[in-house]
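Have a look at the structure below before the remarks.
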Amino acid sequence: KSLLKRLRLRTAPEFGAMKAPRAAFGVVLALVAAPQCSAVTPVQKVLELLQQMVATAKDAKKEEVVQWTAYKQWCTDAEGQRQTSVKEANLQIESLKADVQKFDAEVTRLEEEIKGHQDDLVTFEKTRKDAAVQRKNESDVYAVTHQDYSESVKAIDSALRTLKDQNYKREQAPAMLQGVKRALPPRALAAFLAEAPSALALLSGAAPPGEANAYEFQSVDIVQMLEELKDKFRDQVTALEKEEMERRHAYERLVQDTASQTAAAENEIQKKSKGAAENKQSSADASAQLVTVTSIRDADQKFLDDLDTTCNSKSTDFDARQKLRGEEIQALEKAIETISTDVAAKAEKHLPALAQSRRSLVQLRGGPSDDASHRRTAVAYLQNMAGKLESSVLATVASQLAATAGDPFEKVKKLIQQLIDRLKAEAAEEAQHKQWCDQELGANLQTRTTKTQEVEGYHSKIEKLETDIGLLKRDIAELSKGVAQLQSDMGSQTKLRAEEKAENENTIADAAGAQVAIVGAIKTLKDFYGTAAGATALAQQPAAPPIFDAPYKGQQAQSGNVIAFLEVIHSDFARLEQETSAAEQAAQSEYDTQMADARSDLEAKQADITAKTRDQGQKEVDLETARNDLDLAQSELDAALAYYDKLRPSCVGADPSDTSGSTERVKRREEEIASL
C-alpha cells in the first residue's frame, strides 16, 4: 500500500496535467469498452501506469541527450569563434603597441634632432654677429690705416713737387727742406728720416760745414729717396687693400656659409617637425585603435569566460539530470519487477471476486442495447477532436469506428496502437533528422561565418595594398621627377660655372697682362724723364736772337701725373686680378658645396626610389597572393552557401533561427498521440 501511495503521489501531477483531449479520449475508450470490459485489477492498472512512466522517462532522457548534444555543439562552435577572435585581437594589440612605441621613439628622436638644429641656429647667429663685429673693427682699422697711407703718398707727392720746383740756384737750402718738413706728415717724415739720416741736420736748420750761404739744387738723392718711399707706401697701400679684400671676401664667405647652414637647419627643422607631427598623429591613431581593439578583446574574453562557466554548469546539470533520470528508470523498473513478482500473484488469488463484482455492476448499468450509443459517443468525440486538431488520423479512426459492427474494441485498440507506434516512429525519425540537421547547419554556419570573415579580411587587405601601391607609385613618380629636375639643375649649374670660370680666367689673364704692360710703360717713362732731368745747361754763346735759354728736361710735371695715373691704373688692375681670383675661388667653393649637397640629395632620392620600388614589388606580390587567397576563400564560401541552400529544403524547421514550424509540428503530433 505504501508503494502504491508513493506511485500515486509521484504520478498525480503528470496525469492531473493531461490535456483535455487525452482525458476525454480515455472516457471514450471506457465507453466503448464498458460493455465488453474484462476483469482489470488495481495491480494491473498500477503496472500499466508504471510502464507508461518508464517509457516516458526513457523518451525524455533521449530527448534530453539530443538537446544537450546540440547545445554542446553550439558551445564548442561559439568557444572556437571567440577564442579565434581573442587570439587575433591579442596579435593586433601587440602589433599596435609596437607601432605606438615605434612612433613615440621616432617623435623623441626627431624632437632631439630639432633641438640640435635649433642650437645650431643659435650658434650660427652668434658666429654671424661676432664676425660682423670683427669685420666692422677690421674695416674701421683699415679705413684709418688706408687714409694714413693715402695721405702719406699724397704728402710725398707734394714734397716731391716742392723739391723738384726748387731745382735751381737759390740761397739757404735748409729753408727749402724746412718747407718739405712742414709738408710731410709724421709717418712719412719718420720714414724719410729713417731712409736719409743726413737730412736731419738740414731739416734742423744747420748748414753743412764748408758751404756758403749760396745754395744750388743738390737734393737729387732726397728726391730719389722720397720716390722710393712713395713706392714703399704705395706697396703698403696695395698690400693693405689686398689684405682688406681677402678679409672682406672671407667675411662674405662666412656670412654666405652661415646663411646656407641656417637655411639648411631651418629646412631640417621644418621637415622634421612635420615628420614629428605625422608620427604623433599616427601614434594617437594607433593608441585609439588599441583602445578599441582592447575593449573588443575584453568583451570577447568576458563572453568566453561566461560561456565556459555556463557550458560547464550545463554539462554538470546534464550529467546530474541523466543520472537522476537513470535512477528514476531503475526505480520504476524495480517497482514493476517487485509488483509483478510479489504482488500480482496475490492479487489474482485474492482480488478476482472484486473484479467479478465490478464487472457485474457494469453489466447491470449497461447492456448490449447501449453499444451503439457508446460507439456514437466515441465517434462524435473523435470527429470533434479531429476537427479541432485538424488530424486526419483521428478522422480515420472515427470513420472506421463508425463503420465497425459487433464488438469493435479489439480492432480499435489495435488500430490506435498502430497509429501511436507510427507517430512515435515519425517523431523519433524527425528528432534524429533534426539532430543531423542541427549538426550540419551548425558546422555550415561556422564555415560560412569563418569564410565570410576571411573574404572580408582579404577585401580589406587588397584594398589597403592597392592604396599603398598607388601611394608608392605616386611617390616614385615624384621622386623620379625630382631626380630629373635635380640632374638638370646640376647640369645647368655646371655649365654656368664653366662659363663663369672661363670668363674669370680671361679677366685674370687680361689684368695680369695689363699690369706687366703698365709696369713696362712706367719704367720707360721714368727712365726717360730721369735721364732728361739730368740734362746740362746750355753753354755761353755770343749774342744771338732770342731762343730757349734753359735745358729741356721733358714734361716733368705732366710725366709725374701720367706716371701717377699709370700707377693707379696698375693698382686697379692688381685689385681686379685679386678680386677676380678671390671671386673665382668663392664661386668655385660655393659651386663645390652646392654640387656636394645636390649629389647628396640625388643619392638620397635615388636610394628612396630603390627602396620604394622594392617595397612596391613586395606589395604587388602580396596583392597577388591576397587575390589568390580571396578566390580560394570565396570559392569555399560559395560552396558552403550552396550546401546551405541544399540543406534548407530537407531541414525546414531544423534551423535554430527558425524553430516555429518544428515546434508547432511536434506539439501537434504530441497532442495527436495524447488523443489516441
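The values are calculated or read from the model by the stated rules, or taken from the named source; none is laboratory data. Since the structure is predicted, the reported quantities are computational estimates derived from the model, not experimental observations. For neighbour counting, all protein chains shown are included, and Cβ atoms are generated from backbone atoms with ideal geometry for every residue, glycine included. SASA here: full protein model, heavy atoms, side chains in, ligands and nucleic acids out. Shrake-Rupley method; radii C 1.70, N 1.55, O 1.52, S 1.80 Å.
Things worth noting here:
- Test: residue in region 221-236 that is part of a helix (DSSP H, G or I), under 30 Å from residue 138 (Cα atoms), open to solvent by less than 60 Å² (accessible area, probe 1.4 Å) and of a type in the set (Phe, Trp, Tyr): yes
- Counting only residues that are under 30 Å from residue 257 (Cα atoms) and open to solvent by 40 Å² or more (accessible area, probe 1.4 Å), region 597-623 holds 10 of them.
- Where a residue in region 485-506 is over 14 Å from residue 583 (Cα atoms) and touching a residue at least 60 places away in the same chain (Cβ under 8 Å) and its partner, wherever it lies, is part of a helix (DSSP H, G or I) and among the aromatic types (Phe, Trp, Tyr), with Cβ under 7 Å and at least six apart: 493/591
- So residue 76, is it open to solvent by 70 Å² or more (accessible area, probe 1.4 Å), part of a helix (DSSP H, G or I), among the hydroxyl-bearing types (Ser, Thr, Tyr) and over 30 Å from residue 301 (Cα atoms): no
- Just one of (1) at pLDDT 90 or above; (2) open to solvent by 90 Å² or more (accessible area, probe 1.4 Å) fails for residue 107. It is (2).
- Annotation for region 441-450: no member residue is closer than 28 Å to residue 672 by Cβ and either outside any helix (DSSP H, G or I) or of a type in the set (Asp, Glu) (or both).
- One residue from 335, 286, 331 being more than 30 Å from residue 62 (Cβ to Cβ), in a helix (DSSP H, G or I) and open to solvent by less than 90 Å² (accessible area, probe 1.4 Å): 286
- Condition check for residue 626: open to solvent by less than 70 Å² (accessible area, probe 1.4 Å) and either at pLDDT 90 or above or touching an Asp or Glu at 6+ places or on another chain (Cβ under 8 Å) (or both): yes
- Contact map, region 289-318: first residue over 30 Å from residue 65 (Cβ atoms) and open to solvent by 70 Å² or more (accessible area, probe 1.4 Å), second residue among the small types (Gly, Ala, Ser) and outside any helix (DSSP H, G or I), Cβ cut-off under 9 Å, separation 6 or more or different chains; the map is empty.
- Among the residues of region 458-490, those that are small (Gly, Ala, Ser) and open to solvent by less than 40 Å² (accessible area, probe 1.4 Å) comprise 470, 482.
- Close pairs (7 angstrom Cβ cut-off, 6 or more residues apart or separate chains): within 17 Å of residue 663 (Cβ to Cβ) in region 418-429, open to solvent by less than 80 Å² (accessible area, probe 1.4 Å) and in a helix (DSSP H, G or I) anywhere: 423/669; 423/672; 423/673; 427/669
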